[in-house]
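The values are calculated or read from the model by the stated rules, or taken from the named source; none is laboratory data. The structure presented is a predicted model; accordingly, all values stated were derived computationally and were not measured. Positions of Cβ are backbone-derived with ideal geometry, glycine not excepted, and every protein chain shown enters the neighbour counts. These area figures cover heavy atoms from the full protein model, side chains too; ligands, DNA and RNA do not enter into them. Shrake-Rupley method; radii C 1.70, N 1.55, O 1.52, S 1.80 Å.
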Amino acid sequence: MENHSITHVILTGGVGSRLWPLSRKSKPKQYLDIFDGKSLFEMTVDRNRNIADKVMVVGNIDNCHLSKNVLEKSDTAYIDIIESTPRNTAAAIAFAAFASNDDDILIVTPSDHIIGQMQLYEDAIQEAIEKASKGFIVTFGIVPTKPETGYGYIERKGDNVVSFREKPNQVSARDFIAKGNFLWNSGMFCFKASVFLEELKVYAPEVYETSKLAWENHKDGNLDLELSLNIPSISVDYAIMERSKKIKVVSSHFEWSDLGSFESVYDYLISIGHPVDENGNMVIGTNNYTAFIGIKDTIFVHTDTANLILKKEFSQDVKSVYNALERDQSDLLN
């Protein structure tokens, strides 16, 4: 197999609105230290250390200093790409590809996922690198453990993608699991830089042209605001994954969670021994004595300026609180 240089591209753009009030614009969830004393971002850097030759971080003007603190602490050299305004994942990944050599293989991962069973993870990465070196764009599908409604799904036949499905309702999710050929869409990818850019040019030419222009005018990795505002804000799934004929899926068995909601945070914290009372109630963010009476499966989230009390199964609805605060331009989001 030819020897390609491998770059780990870390996307750090998200705000984690469903984890408010823990996650704020000034400190999004990937930098919080509530997970085993390390932030999710730091865990993401660590888990790919022995796989990649280079690290590239695509962040934004609000969070790049947080990434820098982590990487300097561990003395990690990296290529910094700083967006002046969020333009979704198609553009973020395009910048990483423009910053690379044609033949470099990029492993693109979000910075806020929990991944377990490292041997299975490394096996999946090696399989993806092999497919990427043959000119495919590889997406990682996770073998589902339950009919989860918080994730998108990939319908597959072998390593070919039949279709991408939006987050399903409970009935469809159960149907997907019963069929057995559906995987969770992890939002992780692997490809040669040149192949990604060729496909972007074919299927989303406007994203290609505008991000290329923004990249060509960067200053030390900082992207110009005006040029960036011309870039269509669309996801990589919509721009390329759902259209390209070069997609392969690696069916992966490692433990995976995107920690996108308090329900998934709750499940993870329980797995590492975080206390709950006999009715499944949990406290996050304070050691103050907290008693729950007459309620079960409730999560109490404490921060200095805001508290959140929610039933675990309503954790997708936190976004509506966030959106309401955003409409009021509340300081509580910062």
- Is it fair to say THR7 is open to solvent by less than 10 Å² (accessible area, probe 1.4 Å), at pLDDT 90 or above, in contact with an Asp or Glu (Cβ under 7 Å, 6 or more places away or on another chain) and not aliphatic (A, V, I, L, M)? yes
- Task: Report the residue count in segment 1-24 for those that are without any contact (Cβ under 8 Å) to a residue 60 or more places away in the chain and in contact with a helix residue (DSSP H, G or I) (Cβ under 6 Å, 6 or more places away or on another chain).
- Result: 1
- Message: For segment 131-144, check the following and say yes or no: at least one residue is in a loop (DSSP other than H, G, I, E, B), over 23 Å from LYS212 (Cβ atoms) and under 20 Å from the mean Cα position of the chain (by Cα).
- Response: yes
- Message: I need a count of the residues in segment 162-181 that are in contact with an Asp or Glu (Cβ under 7 Å, 6 or more places away or on another chain) and open to solvent by less than 50 Å² (accessible area, probe 1.4 Å).
- Response: 4
- Considering residues that are surrounded by fewer than 18 Cβ atoms within 10 Å (Cβ to Cβ), touching a residue at least 60 places away in the same chain (Cβ under 8 Å) and not in a loop (DSSP other than H, G, I, E, B), the number found within segment 99-119 is 2
- Looking only at segment 24-66, count how many residues are of a type in the set (Ser, Thr, Tyr) and surrounded by fewer than 19 Cβ atoms within 10 Å (Cβ to Cβ). 1
- Here is a list of conditions, (1) at pLDDT 90 or above; (2) within 23 Å of ASP317 (Cα to Cα); (3) out of contact with any Phe, Trp or Tyr (no Cβ under 6 Å at 6 or more places or on another chain), and GLY59 meets all of them except one; can you say which number that is? (2)
- Task: Output the residue which, of all residues in segment 281-334 that are in a helix (DSSP H, G or I) and open to solvent by less than 50 Å² (accessible area, probe 1.4 Å), is farthest from GLY16 (Cα to Cα).
- Result: LYS312
- Message: Among the residues of segment 222-234, are any among the hydroxyl-bearing types (Ser, Thr, Tyr), open to solvent by 20 Å² or more (accessible area, probe 1.4 Å) and assigned to a helix (DSSP H, G or I)?
- Response: no
- Message: Looking only at segment 25-58, count every residue that is touching a Leu at 6+ places or on another chain (Cβ under 6 Å) and touching a residue at least 40 places away in the same chain (Cβ under 8 Å) and tell me the total.
- Response: 4
- Note on the structure: When segment 236-276 is checked residue by residue, the ones that are in a helix (DSSP H, G or I), open to solvent by less than 30 Å² (accessible area, probe 1.4 Å) and under 18 Å from ALA97 (Cβ atoms) are VAL236, ALA239, ILE240, MET241
- Kindly provide the set of residues from segment 108-159 that are touching a Gly at 6+ places or on another chain (Cβ under 8 Å) and of a type in the set (D, E, K, R), ordered by number. ASP112, ARG156
